[in-house]
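The next block holds one structure in the form of structure tokens; read it before the comments.
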Amino acid sequence: MSQNPLGVHALVFAGGTTPDEMSLIIDQTAAAGYDILELSLHDSPNLDVADARGKLEAAGLGIVCSRGLAFTADVSSDDAEVVARGARLLHDSLQITHDLGGTHFTGALYSALGKYGHALSSAGRANVVATLKDLAVDAQEKGMTLGLEICNRYETNVINTAADALRLADDIGHDNVVIHLDTYHMNIEEDDFSRPVRLVGDRLGYVHIGENHRGFLGSGHLDFASFFHALADIDYTGPVTFESFSSAVVSPTLSNDLAIWRNLWNDGPELARHALSFMTNQIATARAV
């Protein structure tokens, strides 16, 4: 049994969040043996929150919600109206997470998901800090935690490394803002898989495990052993969530934002079972040394 709660991203099973899709996602997550479902809120207008919460509770699953923003609702923009739209989206998404029974809201909460044609401006960064200060207070009042997911340079210009994220979290200045590491993004931006984990230390609050091509774990070239050993070295006991995408399961919006053009797998349930076994073994091996 893992010492970490283990999760799986909903897009392993279905592209949207209609009641029928949520039934499928929740049933498959529970059947594969996971503790947590991570739900992207890109499709939140179709989400029946009360119905989904009832199904999650019946299945005994925890829930974590995540999202990125859009260029029309981007809190890193220099345009006050665009920033205000992004802030509303964040507060609405925090409320949805709370109403689902979740305590953790994470993702690229600081920018749109997509390639920027310019560097982040000082005004844009100040807007990120001010917006996330307000969101952190809202979260604190609800007993919730915010995660800053570090994404690669092709998906954001705000934070690309653990060091970037720590500086941003320091400027936000609230203890309920934690760092979210993702092996897929680390492979592009970090020097290795150990030093960022140790740099973040006890401020690490959430982890995504994904291959370099976002397919089956172990089928790519990532050095998962060093990453899981680093997690063990800092005694990380928080959630570890498997994230994978394939053109076999398409979200009308998110698949385009993340450039999911390749069919890396067809059988989500099989993928999920394999990932649970892989992560459980890696955690056990790292802690046994």
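If you go through the range 2-43, how many residues are without any contact (Cβ under 8 Å) to a residue 60 or more places away in the chain and hydrophobic (A, V, I, L, M, F, W, C)?
Adding up the residues that qualify gives 8.
If I filter the range 48-57 for residues that are modelled with pLDDT of 95 or more, surrounded by fewer than 20 Cβ atoms within 10 Å (Cβ to Cβ) and among the hydrophobic types (A, V, I, L, M, F, W, C), do I get at least one hit?
yes
Quick check on A84: is it surrounded by fewer than 19 Cβ atoms within 10 Å (Cβ to Cβ) and not hydroxyl-bearing (S, T, Y)? Before you say what the answer is, go through the steps one by one.
Numbers: surrounded by fewer than 19 Cβ atoms within 10 Å (Cβ to Cβ): yes; not hydroxyl-bearing (S, T, Y): yes.
Judged against the criteria, A84 is a match.
Within the set of pairs 6+ apart or on separate chains, which have a first residue in the range 181-192 that is part of a strand (DSSP E or B), a second that is among the small types (G, A, S), and C-beta atoms under 7 Å apart?
Sorted first by the residue in the range 181-192, then by its partner, the pairs are L181/A162; D182/G210.
Please determine whether any residue of the range 255-271 is within 18 Å of the chain's Cα centre (by Cα), closer than 28 Å to R167 by Cβ, modelled with pLDDT of 85 or more and not aliphatic (A, V, I, L, M).
Among the residues of the range 255-271, not one is within 18 Å of the chain's Cα centre (by Cα), closer than 28 Å to R167 by Cβ, modelled with pLDDT of 85 or more and not aliphatic (A, V, I, L, M), which makes the answer no.
Condition (residue is out of contact with any strand residue (DSSP E or B) (no Cβ under 8 Å at 6 or more places or on another chain), in a helix (DSSP H, G or I), at pLDDT below 95 and not basic (K, R)) applied to the range 31-42: is it met by at least one residue?
no
Name the residue that is nearest to D182 (Cα to Cα), counting only residues in the range 1-26 that are hydroxyl-bearing (S, T, Y) and surrounded by fewer than 20 Cβ atoms within 10 Å (Cβ to Cβ).
S2
Can you list residue pairs whose Cβ atoms sit under 9 Å apart, with the first residue in the range 99-127 being in contact (Cβ under 8 Å) with a residue 12 or more places away in the chain and at positive phi and the second being assigned to a loop (DSSP other than H, G, I, E, B) and among the polar types (S, T, N, Q)? Count only pairs 6 or more apart in sequence or on different chains.
Pairs found: G114/T156.
From S76, S111, S121, grab the single residue that is buried (at least 23 other Cβ atoms within 10 Å of the Cβ), polar (S, T, N, Q), more than 19 Å from E243 (Cβ to Cβ) and modelled with pLDDT of 95 or more.
Exactly one residue qualifies, and that residue is S76.
Working only within the range 156-193, note down all residues that are out of contact with any strand residue (DSSP E or B) (no Cβ under 7 Å at 6 or more places or on another chain), among the small types (G, A, S) and either crowded, with 22+ Cβ neighbours inside 10 Å or more than 27 Å from Q282 (Cβ to Cβ) (or both).
Residue satisfying the conditions is G173 alone.
Can you give me the ranges of the helices (runs of 4 or more DSSP H) entirely in the range 47-151 with at least 1 residues that are closer than 25 Å to D175 by Cα?
80-99, 122-141
Which one of L199, L222 is over 16 Å from Q3 (Cα atoms), outside any helix (DSSP H, G or I) and modelled with pLDDT of 95 or more?
L222
The values are calculated or read from the model by the stated rules, or taken from the named source; none is laboratory data. As the structure is a computational prediction, the values presented were derived from the model and not from experiment. Cβ atoms come from the backbone with ideal geometry, glycine included; neighbour counts cover every protein chain shown.
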